[in-house]
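Shown next, in structure tokens, is the structure this report addresses.
The values are calculated or read from the model by the stated rules, or taken from the named source; none is laboratory data. Fair warning: this is a prediction, and the values are worked out from it, not measured in the lab. Because the Cβ atoms are built from the backbone with ideal geometry, glycine has one as well, and the counts that use them run over all protein chains shown.
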């Protein structure tokens, strides 16, 4: 299940910028394969943090996860192109990425819950016990 789509990225960033970041062939159009690769990497990174507390991939991504995936995917596109993170738009992308990572780190530590409809991943513990060697009754009977 995709956490975000190309349309989500287009809503967050002007299409002209997405063309600059993905159109290595100079066709004048967005290269959807490159955007899809950035989205896939963003989803994988998001899952890496969330799997500490939740079952991933999410079948229905919570809204906040969608936002984080968009921010990470945009950062991936800027980084892929080697685009400068300086300037208003680049700094905004970098700031949004840094905020997304801070948020996901908090999710993985359990300090922030994301309101997912899915149950947290089961964590099991194996406990083994030894048979009793002494019992209070045995002790009282003998002494």
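Taken over the range 1-22, the residue count meeting the criterion of being part of a loop (DSSP other than H, G, I, E, B), under 20 Å from residue 82 (Cβ atoms) and at pLDDT 95 or above is 0. Go through 29, 41, 61 for me and flag whichever is within 12 Å of the chain's Cα centre (by Cα), farther than 13 Å from residue 106 by Cα and free of Cβ contacts under 8 Å to residues at least 40 places away in the same chain. The conditions single out 41. Go through the range 35-143 and tell me which helices (runs of 4 or more DSSP H), entirely inside it, have 1 or more residues that are crowded, with 16+ Cβ neighbours inside 10 Å, at pLDDT 95 or above and touching a helix residue (DSSP H, G or I) at 6+ places or on another chain (Cβ under 9 Å). Counting at least 1 such residues, we get 63-81, 88-109. Taken over the range 1-22, the criterion of being out of contact with any helix residue (DSSP H, G or I) (no Cβ under 9 Å at 6 or more places or on another chain) and surrounded by 14 or more Cβ atoms within 10 Å (Cβ to Cβ) is satisfied by 19 alone.
If the condition is being touching a helix residue (DSSP H, G or I) at 6+ places or on another chain (Cβ under 6 Å) and not in a helix (DSSP H, G or I), then the range 23-34 contributes 30, 31.
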